[in-house]
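The values are calculated or read from the model by the stated rules, or taken from the named source; none is laboratory data. Nothing here was measured: the structure is a model prediction, and the numbers come from that model. When we count neighbours, we look across all protein chains shown, and the Cβ atoms used for this are built from the backbone with ideal geometry, even at glycine.
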Amino acid sequence: MIPVTKPYLPKVEEFENYIRSIWDRQWLTNNGPLVNDLELKLKNYLNLDYLLYVTNGTTALQIAIKALELKGEIITTPFSFVATTNSILWQECEPVYVDIDPETFNIDPDKIEEAITSKTSAILATHVYGNPCNIDAIQNIADKYGLKVIYDAAHCFGTKYKNKSVFEYGDISTTSFHATKLFHTIEGGAVFTKNPELLEKMAFIRNFGYCGPDTFSLVGINAKNSEFHAAMGLCNLMHVDAILERRKLLSLHYRENLKRLKVKFQSLDSDRDYNYAYCPILFDSEELMHACMTKLELSGIYCRRYFFPSLATLPFVNHKSMPVCDSVVKRILCLPLYDSLTIPDLDMISRILLRVQQYPVRNSTKQKDFGGLIANRIEVSINGHEKKIN
Ligand SMILES: *Cc1c(COP(=O)(O)O)cnc(C)c1O
């Protein structure tokens with residue numbers, strides 16, 4: 001079986017060393033030494049002054065909205081993971097969707113201004129698949145209307161915008177260190193800001209709102225992460241450069257292999273250092289996307305319709321049709337991409353895709369039989385070798 005992603009795991013001995021140290025200290029959580037060490041090493045690695053390690057990417061978003069005291073409407077993207085919209089609703093704000101750019105799949109800055117009302121307090125945009133939004137354009141609009149900006153940078157570990165970590169941008173950026181992300185701490189996440197006062201406020205919020213041994217000045221939550229999670233992060237951070245290299249190599253190999261496939265890759269601008277966190281392909285038609293997904297599944301290869309559905313169609317929001325997003329969600333597919341994916345497996349996935357395009361299964365019986373014949377001639381084994389049985 002080839003899944004769409006596999007969590008990276010360091011050597012168990014590396015993890016064990018950290019776990020032993022936890023036993024020695026008997027300090028399990030509450031801002032322990034491994035959490036501190038991870039925060040320090042992340043700041044060094046990302047070249048950032050401020051960040052806070054938290055329990056996950058969703059609480060990171062909630063803390064960001066809370067710390068900025070956002071009210072009313074928040075302009076956001078319909079093309080993201082459900083946590084982006086959920087965190088807005090959880091903070092009792094209203095998501096106002098703005099359609100996406102058909103090339104980058106990020107929120108379209110040209111459509112933001114027309115969505116601004118007197119109730120708008122912020123823009124919460126996702127850097128989709130790790131590809132940064134048009135940050136300059138968004139910031140210009142925010143400045144013009146006095147809005148706050150939060151970036152959901154859950155996909156962005158290692159991404160740079162104009163030679164700086166993309167986490168630097170916006171009033172607050174958030175990320176996720178969930179097991180499925182490029183860099184992970186099993187569960188985990190972080191908030192980033194350049195504003196020290198905002199950082200302090202978020203630190204209080206992360207810890208129940210404590211701002212002295214017995215004093216509380218604001219409503220907080222428990223978003224502290226544990227020594228065990230930090231241990232995984234410390235291990236993985238040592239390998240993250242290799243992980244980034246490997247993703248790039250695999251992604252470029254996919255792009256090369258699939259040149260003849262009638263699909264569009266996400267377009268990447270030159271002033272951005274992309275991390276190749278995902279390998280999305282956009283098909284010409286929903287039909288071809290389904291045909292490819294089904295064919296791959298028959299061979300034990302699992303892609304993911306990510307993101308699907310459009311967040312503007314969730315049952316608990318005001319439905320809004322978003323022509324570009326509605327069309328993209330129907331045709332997008334993320335191909336398997338993870339550190340231990342082998343080139344032979346990747347080549348096999350590519351061949352299957354190209355073959356489906358060449359011999360599409362149509363509705364007429366004749367062509368259906370033909371498609372079936374082709375399908376039966378090739379049996380694909382899970383370790384990446386094709387076995388011709390005819
Ligand atoms: C993964 C993800 C999140 C949520 O992160 P968790 O750590 O799983 O809570 C939020 N936004 C986006 C875009 C994500 O991909």
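Key figures
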item: Failed item, numbered, when E103 is tested on (1) out of contact with any Asp or Glu (no Cβ under 9 Å at 6 or more places or on another chain); (2) buried (at least 22 other Cβ atoms within 10 Å of the Cβ); (3) under 16 Å from P78 (Cα atoms); result: (2)
item: Residue that is farthest from I138 (Cα to Cα) [pool: residues in the stretch 110-121 that are part of a helix (DSSP H, G or I) and charged (D, E, K, R)]; result: E114
item: Criterion: touching a residue at least 60 places away in the same chain (Cβ under 8 Å) and in contact with a Cys (Cβ under 6 Å, 6 or more places away or on another chain) - qualifying residue of Y276, Y254; result: Y254
item: Residue among K164, K144 that alone is surrounded by fewer than 22 Cβ atoms within 10 Å (Cβ to Cβ) and closer than 16 Å to N47 by Cα; result: K164
item: Of all residues making up the stretch 295-311, the number that are assigned to a loop (DSSP other than H, G, I, E, B) and more than 11 Å from V4 (Cβ to Cβ); result: 6
item: Those residues of the stretch 169-197 which are away from the ligand (no atom under 13 Å from the Cβ) and small (G, A, S), in sequence order; result: G170
item: The stretch 33-87, residues that are without any contact (Cβ under 8 Å) to a residue 40 or more places away in the chain and more than 16 Å from the ligand (Cβ to nearest atom); result: N36, E39, L40, K43, N44, E69
item: Among (1) assigned to a helix (DSSP H, G or I); (2) closer than 20 Å to Y129 by Cβ; (3) among the basic types (K, R), the one test that K264 misses; result: (1)
item: Residue list for the stretch 142-168, restricted to those being touching a helix residue (DSSP H, G or I) at 6+ places or on another chain (Cβ under 6 Å), away from the ligand (no atom under 11 Å from the Cβ) and under 13 Å from L124 (Cβ atoms); result: V149, I150
item: Some residue of the stretch 100-111 being of a type in the set (K, R) and within 16 Å of the ligand (Cβ to nearest atom); result: no
item: Qualifying positions in the stretch 198-227 - within 16 Å of the ligand (Cβ to nearest atom) and closer than 30 Å to N17 by Cα; result: R206, N222, A223, K224, N225, S226
item: Checking N31 against (1) in contact with a helix residue (DSSP H, G or I) (Cβ under 7 Å, 6 or more places away or on another chain); (2) closer than 18 Å to L234 by Cβ, the condition it does not meet; result: (1)
item: Considering residues of the stretch 121-137 that are of a type outside the set (D, E, K, R) and surrounded by fewer than 21 Cβ atoms within 10 Å (Cβ to Cβ) only, the residue nearest to T58 (Cα to Cα); result: S121
item: Test: residue in the stretch 10-22 that is among the basic types (K, R), surrounded by fewer than 23 Cβ atoms within 10 Å (Cβ to Cβ) and within 16 Å of the ligand (Cβ to nearest atom); result: no
item: Where a residue in the stretch 325-338 is in the same structural domain as L182 (by TED's automatic domain parsing) and its partner, wherever it lies, is buried (at least 18 other Cβ atoms within 10 Å of the Cβ), with Cβ under 7 Å and at least six apart; result: none
item: Test: residue in the stretch 101-109 that is in a loop (DSSP other than H, G, I, E, B), in contact with a strand residue (DSSP E or B) (Cβ under 9 Å, 6 or more places away or on another chain) and among the hydroxyl-bearing types (S, T, Y); result: no
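Conditions tested, residue by residue: (1) more than 27 Å from H229 (Cα to Cα); (2) among the hydrophobic types (A, V, I, L, M, F, W, C); (3) at pLDDT 95 or above; (4) over 18 Å from the mean Cα position of the chain (by Cα).
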position: H155; (1), (2), (3), (4): no, no, yes, no
position: E168; (1), (2), (3), (4): no, no, yes, no
position: D171; (1), (2), (3), (4): no, no, yes, yes
position: A179; (1), (2), (3), (4): no, yes, yes, no
position: G189; (1), (2), (3), (4): no, no, yes, no
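Residue by residue, here is whether (1) over 30 Å from H239 (Cβ atoms); (2) assigned to a strand (DSSP E or B); (3) in contact with an Asp or Glu (Cβ under 9 Å, 6 or more places away or on another chain) holds:
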| residue | (1), (2), (3) |
| --- | --- |
| F316 | yes, no, no |
| V324 | yes, no, yes |
| K330 | yes, no, yes |
| M348 | no, no, yes |
| L354 | yes, no, no |
| Q357 | yes, no, no |
